[in-house]
1. Go through the range 126-138 and give me each residue that's among the acidic types (Asp, Glu) and crowded, with 17+ Cβ neighbours inside 10 Å.
2. Checking the conditions here, which among Leu33, Leu40, Leu47 is part of a helix (DSSP H, G or I) and under 22 Å from the mean Cα position of the chain (by Cα)?
3. Is there a residue being of a type in the set (Ser, Thr, Tyr), out of contact with any helix residue (DSSP H, G or I) (no Cβ under 8 Å at 6 or more places or on another chain) and assigned by TED's automatic domain parsing to the domain that holds Arg197 anywhere in the range 115-128?
4. For the range 152-167, which positions are part of a loop (DSSP other than H, G, I, E, B) and modelled with pLDDT of 75 or more?
5. Which one of the conditions (1) more than 22 Å from Ala161 (Cα to Cα); (2) in contact with a Ser or Thr (Cβ under 8 Å, 6 or more places away or on another chain) does Gly60 fail to meet, given that it meets all the rest?
Amino acid sequence: MGDLTALTRLDLTGNRLAALPESLGNLTALTRLAVTDNQLTALPESLGNLTGLTRLDLAGNRLTVLPAWLGRPSAGGPPPNSPLQAWLDDTPTTLNNGADLDTLLDRVRSGGVSLSTEDDERRLFVELAGDASALVWEDEEDIMISWGPVPPDAPAGQTAADAEYAYSDPWFTESGDEPPLALTAAQARQAAHEFLRTGRRPTCVQWVDKP
């Protein structure tokens, strides 16, 4: 498998894999890797070589420790703290820092605001509506909707393939309760600030693929 160096997507979902081969680290063109619903207890260190990886789905495994490379920014993304382009009432504004972002969000009344990286490859729509606030994320591969804040001890950046899967995932719901789709305005602001800092999909909320 390590010889498939031109491979850009690999989906190994729903097998009984107990381990992944170190040779996966040779697939440097890989942008998306899904290993959901397996029996993995650890990840190979070689996956840290996949600097072009923009999405890694790990839900439904037996992982107890996450490798240090998951916390490193990918070389394929924008540099941290890069300016964002904002569109509010059809007027573009460049946001260079958190103060610029707060000033803009304070002006949001209805309809929300669209934030994008300078290359327009990643976009976050922010709707501030008190306890019924919402987020929509879009990049070159996905359109996703926010699913409420991340529960304590949940994997960072938790995502689900669709709403039906989210309902059955204990990280998204507690005791079978209906998950909190809506966010508070403070949580939506937190996500906007994380996007400004990283240029990536915020990990302070959960995400579900939009149908």
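The values are calculated or read from the model by the stated rules, or taken from the named source; none is laboratory data. All of these numbers come straight from a predicted model, not from anything done at the bench. Here the Cβ positions follow ideal geometry from the backbone for every residue, glycine too, while neighbour counts run over all protein chains shown.
1. Going through the range 126-138, the residues among the acidic types (Asp, Glu) turn out to be 127, 131, 138.
Answer for the range 126-138, where residues must be among the acidic types (Asp, Glu) and crowded, with 17+ Cβ neighbours inside 10 Å: Glu127, Glu138.
2. Result: Leu47 is the single residue among Leu33, Leu40, Leu47 that is part of a helix (DSSP H, G or I) and under 22 Å from the mean Cα position of the chain (by Cα).
3. Residues of the range 115-128 of a type in the set (Ser, Thr, Tyr): 116-117.
Cutting the leftovers down to out of contact with any helix residue (DSSP H, G or I) (no Cβ under 8 Å at 6 or more places or on another chain) gives us 116-117.
Adding the requirement that they be assigned by TED's automatic domain parsing to the domain that holds Arg197 leaves 116-117.
Within the range 115-128, one or more residues are of a type in the set (Ser, Thr, Tyr), out of contact with any helix residue (DSSP H, G or I) (no Cβ under 8 Å at 6 or more places or on another chain) and assigned by TED's automatic domain parsing to the domain that holds Arg197.
4. If we filter the range 152-167 for residues that are part of a loop (DSSP other than H, G, I, E, B), which is where we start, we get 152-158, 161-162.
Ala161, Asp162 - these are the residues of the range 152-167 that are part of a loop (DSSP other than H, G, I, E, B) and modelled with pLDDT of 75 or more.
5. Looking at each condition in turn, Gly60 falls short on (1).
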